[in-house]
Amino acid sequence: MSKASIRWKDYSDEYSSTAFEVATPSGGAYDIDALEASIDAVVDAMEAVTFCSRGKEQYSVVSALGTETRPADEEAQRELGLRIFYQDDVTLKKYHVTVPGPRLSLMASAGFDVVDWSGAEMVTLESAFEANVLSPVGNAVSIITGTIVGRRN
């Protein structure tokens, strides 16, 4: 299943959201146009029965299920994370993402939480991230730093 989420704006400039499940497109001919058409049919019908203005629409589509098997390494724990701090190259606004269960031997320096980006795997991550990730407003991004973080227990 995939999910569609529609944001509505009311007369007081306040927002509400409506979300519903939809069938996930499958097969080699992944037809996003058919998915959007089916979602639009529902949202158009909703729009006809509300005074609110139709706003941002988001679709969450499952693209791969993965293996869902337990990792073999006992250090694969979500309580430890690699937090990547990056910024929008135009607005300079800062953001972050966290990758759980980091391989500390590839990025950590003893006694420090700051990530060492000089290793081959880290250089590859930085290159892939900056080449493919966009800020929420659609601009290119640059990594500022990375830190090792723990989850509050």
Inset, instruction - Within the stretch 138-146, identify whether any single residue is surrounded by fewer than 10 Cβ atoms within 10 Å (Cβ to Cβ), under 30 Å from Trp8 (Cα atoms) and of a type outside the set (Ser, Thr, Tyr), and answer yes or no. - result: yes
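Here is a list: Asp40, Asp88. Which entry is of a type outside the set (A, V, I, L, M) and outside the structural domain of Asp113 (by TED's automatic domain parsing)? Step through it out loud before you land on a result.
On the way: Asp88 fails: outside the structural domain of Asp113 (by TED's automatic domain parsing).
Asp40 is the lone residue from the list that is of a type outside the set (A, V, I, L, M) and outside the structural domain of Asp113 (by TED's automatic domain parsing).
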Inset, instruction - Looking only at the stretch 125-147, count how many residues are polar (S, T, N, Q) and in a strand (DSSP E or B). - result: 3
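Go through the stretch 1-19 and count every residue that is of a type outside the set (S, T, N, Q) and either modelled with pLDDT under 90 or assigned to a helix (DSSP H, G or I) (or both).
Within the stretch 1-19, residues that are of a type outside the set (S, T, N, Q) and either modelled with pLDDT under 90 or assigned to a helix (DSSP H, G or I) (or both) number 2.
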Legend entry - Which listed residue is touching a helix residue (DSSP H, G or I) at 6+ places or on another chain (Cβ under 7 Å) and not assigned by TED's automatic domain parsing to the domain that holds Lys56, from Ser135, Ser142, Ser127: Ser142
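The values are calculated or read from the model by the stated rules, or taken from the named source; none is laboratory data. Keep in mind it's a predicted model, so treat the numbers as computed, not measured. Cβ: placed from backbone, ideal geometry, glycine included. Neighbour counts: every protein chain shown.
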